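What follows is a set of notes on a single structure, which appears directly below.
The values are calculated or read from the model by the stated rules, or taken from the named source; none is laboratory data. Note that the structure is a prediction, hence the values are computed from the model and not measured. Glycine gets a Cβ as well: all are built from the backbone with ideal geometry, and neighbour counts include every protein chain shown. Side chains included, ligands, DNA and RNA excluded: accessible areas come from the protein's heavy atoms. Shrake-Rupley method; radii C 1.70, N 1.55, O 1.52, S 1.80 Å.
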Amino acid sequence: MEERPFQKQLPSTQAALEGTVSIPLRFAPLGSGRYPCKILLLSRHDVRVYVIEGIVNEEEPEAELLFKTPAFEPLTQHIPIKNESKKLWKFQVKIEGEWFHGPPILHVAPGETIQYPLTFKPILECEIMGKLTLQNEVDGMAHIIEIDGIGTKPTALDHIVIDCKVGNVTDKSIIVPNYTKSLLTFKMLLRT
């Protein structure tokens with residue numbers, strides 16, 4: 001069976017002589033990915049080829065990650081990014097969600113797999129919902145990962161032992177970190 005290129009009657013000769021002619025295109029992707037194609041225009045006096053590529057990103061996240069850690073304790077997940085193309089990839093990284101951190105730019109050489117370090121470090125008991133978007137500047141694809149973080153009750157920051165003798169006063173200073181951007185007031189409770 002012989003393949004024939006798609007042919008459609010073009011607008012009138014008068015419209016063509018006045019400058020440019022609109023050619024309607026319909027793009028109906030079946031799923032996410034890259035859809036390259038070529039459009040060949042032929043006339044008695046001219047041949048033109050237009051290279052067009054449609055890029056379709058997922059509407060839904062590609063994956064979901066759950067982080068659960070005590071407050072003040074960072075938890076890092078290394079996310080593998082594999083470049084099977086022949087071009088160097090450069091990603092712009094957007095992180096949505098409080099207490100999530102990671103590098104804003106990622107480079108992946110052809111044939112390499114790079115581990116993207118995403119860290120969740122809550123400073124209080126919380127439940128955070130967010131999103132990690134890796135936007136590839138080379139092929140235009142966006143990779144979206146839903147990220148959820150649960151900050152649980154913090155563990156003890158330190159264990160302090162004070163050696164002292166009966167009848168003598170012993171002074172000991174301790175450092176109390178402040179991870180917030182506001183002034184904190186603490187109430188001290190001693191348990192024996």
*Would you call PRO103 at pLDDT 95 or above and part of a loop (DSSP other than H, G, I, E, B)?*
yes
*Can you tell me which residue within the stretch 21-48, out of those that are more than 29 Å from GLN135 (Cα to Cα) and among the β-branched types (Val, Ile, Thr), is modelled with the lowest pLDDT?*
VAL21
_Hits in the stretch 63-76 (condition: surrounded by 14 or more Cβ atoms within 10 Å (Cβ to Cβ) and closer than 27 Å to GLY31 by Cβ)_ = LEU65
*Tally, over the stretch 74-94, of residues that are under 22 Å from GLU146 (Cβ atoms) and not in a strand (DSSP E or B)*: 1
_All but one of (1) in contact with a strand residue (DSSP E or B) (Cβ under 9 Å, 6 or more places away or on another chain); (2) exposed (fewer than 13 other Cβ atoms within 10 Å of the Cβ); (3) under 26 Å from GLY54 (Cα atoms) hold for ILE81; state the number of the condition that does not hold._
(2)
*Which one of these is open to solvent by less than 80 Å² (accessible area, probe 1.4 Å) and part of a loop (DSSP other than H, G, I, E, B): THR185, THR133, THR155, THR119?*
THR155
_Can you find a residue that is closer than 22 Å to GLN115 by Cα, touching a Phe, Trp or Tyr at 6+ places or on another chain (Cβ under 8 Å) and either surrounded by 13 or more Cβ atoms within 10 Å (Cβ to Cβ) or free of Cβ contacts under 8 Å to residues at least 60 places away in the same chain (or both) anywhere in the stretch 36-55?_
no
*Scan the stretch 161-172 and give yes if some residue there is in a strand (DSSP E or B) and of a type outside the set (A, V, I, L, M), otherwise no.*
no
*Quick one: in the stretch 84-102, which of the residues that are more than 20 Å from THR119 (Cα to Cα) and open to solvent by less than 50 Å² (accessible area, probe 1.4 Å) is nearest to the chain's Cα centre (by Cα)?*
TRP89
